[in-house]
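A short write-up of the structure that comes next.
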Amino acid sequence: MIFTVTANGTFMSTLSGGIVNIALPTMASEFNVSLENIQLVVSFYLLVLTCLLPVFGKLSDLYSRKWMYLGGFITFGVGALFGALSNSLPMMLVARGVQGIGSSAMMATSQALIAQIFHGPSRGKAFGAIGAVVACGSLAGPAIGGVLIQTWGWKSVFWICIPIAIVGVWRGIYLIPRFKAHKRLKMDWPGAILYTLTSFVFLYALNTAADKGWGNPLILSAFATSLFLFLVFLRRENSARHPFLELSIFKNRTISYGCVVAMLGYTALFSNSVLLPFYLTDIMHLDPIKIGLLIMPFPVTLAIASAVSGTLNARWPASILTTAGFGLLIISTLMFALIGATPSISYIVLAQLIMGAGSGTFQVPNNNTVVSAAPKGKLGVVASINALCRNVGMIFGIAFSVAIFALVQTWCTKHGQDAQNAFIHAYQAALLMGTACSVVGGILSAKR
């Protein structure tokens, strides 16, 4: 019953993400902004979420994971309300920032709650079940989103999250127990602030570079500032009596390899997440319902692969499963990189199926391996760092793919190509970056 509450929060977060991705072309048209600007609706949410993950993870080791999780649930619902009431891009970014805070609190504590409840082989199955929930949310998102947007407009995609949040909080109050906190641990607030500032400045520069230009003085200054803050943060961590992140945990090969592999895997996956709806809209001229149906094969195989991988993880080494998953990611991202102007529907469906299978196969054993290697009393920190690496990968995937897309599209246009060919060549270049990340991730996964 406790698992169902954490599954409810996971479902809501992934449902919202899938719906919002489908709504991006419609929102871009209504707000009258470019692809480079509208992607901030996704990336700013991930930016806020990522910056706060270790903070909430540390706090969940110190205080009540129950109220940390439920507080995140409430905050996410409030952000959804703000999103439904937004009528401009700045207002929408504020709403997505609030949702990012809530999702960060939920994500930092949900894996720790599962690891605290389940032990031994059942833990791998529990992570596999959560992977299936992620897939169900991702599956429902595009389908529900397409119908909602075409019937009631894009604002309805935010209204739907509010009743889910209310039910989740109500059930969580009664079902989630108050686990014993670690009173001996202390919070290093200067370290937490330095980490948050470093992450925010760096990720802000990364996300806005495509729009403002990589050589823009503001962007260069932001990268330089983030480097300076990072060096100050490292010095603080090495001298603090109770360090914020306790970087010594990265000496554990299992944790460090797992985090890098997660980052590369999600960079590859999210190289296609923002661009694919625009490809289906601008090149194939499909309506939101058909776009949702074409995105659905990904979560279908994600659900199946997550469940199978969770079961196999009790008997097979994680490196075999994660490497196999990356092999499938290489195939799928390469298929999208080779796509043309008139692909068959079956070609897109097959690529989506393979990508979903690869994602589910590598995610579950990788998550289980990292969290299971957590030292005593540091479960929340390790779980949040694992989630942090996944979300940094998501941000990298969106930022780098959009940046590559913009650069190649501009180059092609300047050299006389029409809009369609420029779009296709830019899309292909962005997906080749995803393929490269999949190759590197597969190599590291095999060596772990």
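Looking at Val274, Val260, just one residue is at pLDDT below 85 and under 25 Å from the mean Cα position of the chain (by Cα), and that residue is Val274. Scanning the range 324-346 for residues that are outside any helix (DSSP H, G or I) and either on the phi > 0 side of the Ramachandran plot or free of Cβ contacts under 8 Å to residues at least 60 places away in the same chain (or both) gives Thr342, Pro343, Ser344. Of Ala314, Ala318, Ala341, all but one fail to be surrounded by 18 or more Cβ atoms within 10 Å (Cβ to Cβ) and more than 21 Å from Ile22 (Cβ to Cβ); the exception is Ala318.
The set of residues in the range 25-47 that are of a type outside the set (Ser, Thr, Tyr) and open to solvent by 20 Å² or more (accessible area, probe 1.4 Å) comprises Pro25, Glu30, Phe31, Asn32, Val33, Leu35, Glu36, Asn37, Leu40, Phe44. Among the residues making up the range 199-229, a single one is outside any helix (DSSP H, G or I) and touching a residue at least 12 places away in the same chain (Cβ under 8 Å): Trp214. When you check Ser110 against the structure, is it open to solvent by 10 Å² or more (accessible area, probe 1.4 Å), under 28 Å from Gly356 (Cβ atoms) and out of contact with any helix residue (DSSP H, G or I) (no Cβ under 8 Å at 6 or more places or on another chain), yes or no? Criteria not met by Ser110.
For the range 292-332, a residue qualifies if it is among the β-branched types (Val, Ile, Thr), in contact with a Pro (Cβ under 6 Å, 6 or more places away or on another chain) and within 15 Å of Gln352 (Cβ to Cβ), and exactly one does: Ile295. The set of residues from the range 208-242 being closer than 27 Å to Gln409 by Cβ and of a type in the set (A, V, I, L, M) comprises Ala209, Ala210, Leu218, Ile219, Leu220, Ala222. Scanning the range 285-297 for residues that are of a type outside the set (D, E, K, R), open to solvent by 40 Å² or more (accessible area, probe 1.4 Å) and in contact (Cβ under 8 Å) with a residue 12 or more places away in the chain yields Ile289, Leu293, Met296.
Whether any residue in the range 248-271 is open to solvent by 10 Å² or more (accessible area, probe 1.4 Å) and in a loop (DSSP other than H, G, I, E, B) is what I want to check. Checking the range 248-271: at least one residue is open to solvent by 10 Å² or more (accessible area, probe 1.4 Å) and in a loop (DSSP other than H, G, I, E, B). For the range 359-372, does any single residue satisfy the condition of being farther than 21 Å from Pro54 by Cα, open to solvent by 20 Å² or more (accessible area, probe 1.4 Å) and part of a helix (DSSP H, G or I)? Yes, the conditions are met somewhere in the range 359-372.
For Ile320, indicate whether it is without any contact (Cβ under 8 Å) to a residue 40 or more places away in the chain and either more than 22 Å from Phe423 (Cα to Cα) or assigned to a helix (DSSP H, G or I) (or both). It is true that Ile320 is without any contact (Cβ under 8 Å) to a residue 40 or more places away in the chain and either more than 22 Å from Phe423 (Cα to Cα) or assigned to a helix (DSSP H, G or I) (or both). If you go through the range 86-97 and keep only what is open to solvent by 30 Å² or more (accessible area, probe 1.4 Å) and either closer than 13 Å to Leu40 by Cβ or aliphatic (A, V, I, L, M) (or both), you end up with Ser88, Pro90, Met91, Leu93, Val94. Residues in the range 184-239 that are of a type in the set (Lys, Arg) and touching a Pro at 6+ places or on another chain (Cβ under 7 Å): Arg236 alone. Of the residues screened, Met335 is not one that is within 30 Å of Leu24 (Cβ to Cβ), within 20 Å of the chain's Cα centre (by Cα) and either of a type in the set (A, V, I, L, M) or crowded, with 22+ Cβ neighbours inside 10 Å (or both). Determine whether the range 347-358 contains at least one residue that is at pLDDT 90 or above, part of a helix (DSSP H, G or I) and under 17 Å from Ala446 (Cα atoms). Within the range 347-358, one or more residues are at pLDDT 90 or above, part of a helix (DSSP H, G or I) and under 17 Å from Ala446 (Cα atoms).
The values are calculated or read from the model by the stated rules, or taken from the named source; none is laboratory data. What you are looking at is a predicted structure, and each value in this text was computed from that prediction instead of being measured. Don't worry about glycine lacking a Cβ; one is built from the backbone with ideal geometry, like all the others, and counts go over all protein chains shown. The accessibility values were calculated without ligands, DNA or RNA, using every heavy atom of the protein model including side chains. Shrake-Rupley method; radii C 1.70, N 1.55, O 1.52, S 1.80 Å.
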